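To start, the structure itself, in structure tokens.
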Amino acid sequence: MSKKEKTIAARVNGELVDLSRAPEGAEAITADSPEGLDILRHSTAHLMAQAIERLYPGTHFGVGPCIKDGFYYDVDLPEGKTITEQDLPAIEAEMRKISGAQEPEKVTRQDMPREEALKFFKDRGDPYKTELISELDAPTVSLYRQGEYVDLCRGPHVPDVSYLKNFKLMSVAGAYWRGSEKNKMLTRIYGTAFATQDELKEYLKRIEEAKLRDHRKLGRELDLFSLHDEGPGFPFFHPKGLAILNTLTEFWRREHNRRGHTEIRTPQILDRELWIRSGHWDHYRENMYLTEIDEKPFAIKPMNCPGSILVYKTQIRSYRELPMRLTELGIVHRHERSGVLHGLMRVRCFTQDDCHTFCALEQVRDEVTKIIDLCRYIYKNVFGFKYSVELSTRPEDSMGTEEQWAAAENGLREALEASNIPYRINEGDGAFYGPKIDFHLEDCLGRSWQCGTVQLDFQLPERFELAYIGEDGQEHRPVMIHRTVLGSLERFFGILIEHYAGAFPFWLAPVQVRIIPIAEEHQSYAEELKKTFMEWGLRVEIDSRDEKLGKRIRDAQLQKAPYMLVLGDKEMESRVVAVRERTRGDLGSMDLEAFRKLLSEEFNPNR
């Protein structure tokens, strides 16, 4: 396909426009570019809406934006009508009928005076477009038409519907109009679209693989954790799941001890006045759980930082103590609406691997550089993740002066550049108290997960009047660096489950060795080996079920145990083990010393 055939829009003076509005020689926007893909997907959302309008006359439409990997449209169906995932093939068929017509409908733009557009949609009985237009502060609005379908939209769009060929409707969900529980629940239909059929097929293949790797599914199958209606958003960890979390925690502590961090623990519930002083009450209250003690208001902590500040303030600090790195595996609670809860990825209670570093301004660059080095080691060297980095700047809802924010943003930028690490700017997405660096991990399916963050804070030290005695004998204000590497341990665990498809590396596996005695007479040897392996520090399990040997070996494979030891007469008499490895299969018989040497060659960052 030539560039001309792939061109779907143009850029004029930095603005994306329809091809019909582009002058000769304007910059071409092709369907396979990031901007072109967004236009293609948004146009496909309109195509879906047109098909729904034909199949379900009287439907009204909310908003239908493109999103990462696709698009959605919120629809308000006529009374008595519903759309489920079983209805999606019929909607898709109607979409293909429209886009594949012999004379495809052109997509045309019409600029209309605001009041005229308002009347147009009121006359159609459309409450959603009417509400959106009434809030616009512009003399004109733009409408897009394709055949009988008309929609309020900024555009641009593809020239005609024949450009829309490589699409798939994915799922159906509920969504409140404009995200408010006070409004009507609409039906949200998700879909995706790509420039080529091959790209669509590759994406759908990844989606199917993601379903097989779903941490909720594997969590049940591997007996790692469970979720219950009695505690929505509060995961229950089973022995095997907790074994993995404990191993992660051991690794985390070891790495932080090596780097001069000091671990603390602070209370779960703290006085409301503390949260007012910290600014969380004004900026984060809707996400907090509240309670009372002795008729006095308290809050369950959503963040660990105020607790670290109280620890810092217990003594007069000297410049010789700085930087002071206070780490905490702190359990925090944050209110999430039930509709957004998702396994371990979005919960209401989680463990944050925090560090709050109190340092002098001139120490900021070196401290942030050390954090970047730690993140690089853990993400790349230990877990093998690719990652990208972004610097988020001052949001509208922020505390502090322009000068403080400029100094904070420059400090983070200098550390990134000193680390020779590529990054992009994310304008206006910083925390309310300071700018931040975010680390986005890429898993084996190419999905991105935001985990680590580094946030520079001049505000809380001011609010809590923190100080240290400088070399000059005078009081100085420290800078506070908020930092996580794994982020939420629970969420990171979920990411690892899906990244490894439950087949954890040896050092993390909840059961590292599964022993399978062939018959009852081999049980005592299995017990003896288990005791020896536990003394070596291994996590071991014996499968003595009254099942055929083949089934027990297959079950060990399904449970993704790194090593299986099959014990029979020969092994027991010769004091050896028959070793099967998860991916390499039968490794033959070996004595215990050889088996121990084999295990010692496994990567283990906890050594």
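For Thr532, indicate whether it is assigned to a loop (DSSP other than H, G, I, E, B) and not charged (D, E, K, R). No; evaluated as a whole, the condition is false for this residue.
Contact map, the range 574-597: residues that are surrounded by fewer than 11 Cβ atoms within 10 Å (Cβ to Cβ) paired with residues that are of a type outside the set (Phe, Trp, Tyr), Cβ distance under 7 Å, separation 6+ or inter-chain. Pairs shown: Gly588/Val579.
Return yes or no: is Thr357 in a strand (DSSP E or B), outside the structural domain of Ala408 (by TED's automatic domain parsing), among the β-branched types (Val, Ile, Thr) and in contact with a strand residue (DSSP E or B) (Cβ under 8 Å, 6 or more places away or on another chain)? Answer is no for this residue. Could you tell me whether the range 35-57 includes any residue that is acidic (Asp, Glu), in the same structural domain as Arg178 (by TED's automatic domain parsing), in contact (Cβ under 8 Å) with a residue 12 or more places away in the chain and touching an Asp or Glu at 6+ places or on another chain (Cβ under 7 Å)? Taking every residue of the range 35-57 in turn, none turns out to be acidic (Asp, Glu), in the same structural domain as Arg178 (by TED's automatic domain parsing), in contact (Cβ under 8 Å) with a residue 12 or more places away in the chain and touching an Asp or Glu at 6+ places or on another chain (Cβ under 7 Å). Out of the residues in the range 95-135 that are assigned to a helix (DSSP H, G or I) and in contact with a Lys or Arg (Cβ under 6 Å, 6 or more places away or on another chain), state the one that is surrounded by the most Cβ atoms within 10 Å (Cβ to Cβ). Checking each candidate, the answer is Phe121. Assess whether Gln450 counts as being surrounded by 16 or more Cβ atoms within 10 Å (Cβ to Cβ) and either charged (D, E, K, R) or in a strand (DSSP E or B) (or both). Taking the combined requirement at face value, the residue does not satisfy it. Flag: Arg277 matches the condition of being more than 28 Å from Asp443 (Cβ to Cβ), of a type in the set (D, E, K, R) and surrounded by 14 or more Cβ atoms within 10 Å (Cβ to Cβ). Only residues that are in contact with a helix residue (DSSP H, G or I) (Cβ under 8 Å, 6 or more places away or on another chain) and free of Cβ contacts under 8 Å to residues at least 24 places away in the same chain were counted in the range 240-266, giving 0.
Out of the residues in the range 22-55 that are among the small types (Gly, Ala, Ser) and either modelled with pLDDT of 95 or more or under 24 Å from Asp151 (Cβ atoms) (or both), state the one that is surrounded by the fewest Cβ atoms within 10 Å (Cβ to Cβ).
The residue in question is Ser33.
Going by what's in this entry, would Asp366 be described as within 22 Å of Leu486 (Cα to Cα) and touching a Lys or Arg at 6+ places or on another chain (Cβ under 9 Å)? Criteria not met by Asp366. Each residue in the range 286-310 was checked for being hydrophobic (A, V, I, L, M, F, W, C), surrounded by fewer than 18 Cβ atoms within 10 Å (Cβ to Cβ) and not in a strand (DSSP E or B), and 1 pass. For Ser388, the conditions (1) touching a Leu at 6+ places or on another chain (Cβ under 8 Å); (2) at pLDDT below 95; (3) among the hydroxyl-bearing types (Ser, Thr, Tyr) are fulfilled apart from (1).
Quick one: in the range 385-444, which of the residues that are without any contact (Cβ under 8 Å) to a residue 12 or more places away in the chain and not hydrophobic (A, V, I, L, M, F, W, C) is nearest to Asp373 (Cα to Cα)? Out of the qualifying residues, it is Asn420.
From the list Asp397, Asp366, pick out the single residue that is assigned to a loop (DSSP other than H, G, I, E, B) and assigned by TED's automatic domain parsing to the domain that holds Gln459.
Details: Asp366 fails: assigned to a loop (DSSP other than H, G, I, E, B).
Matching residue, one of Asp397, Asp366: Asp397.
The values are calculated or read from the model by the stated rules, or taken from the named source; none is laboratory data. Quick caveat, the model's predicted, so the values are computed rather than measured. Glycine also receives a Cβ, built like all others from the backbone with ideal geometry; neighbour counts cover every protein chain displayed.
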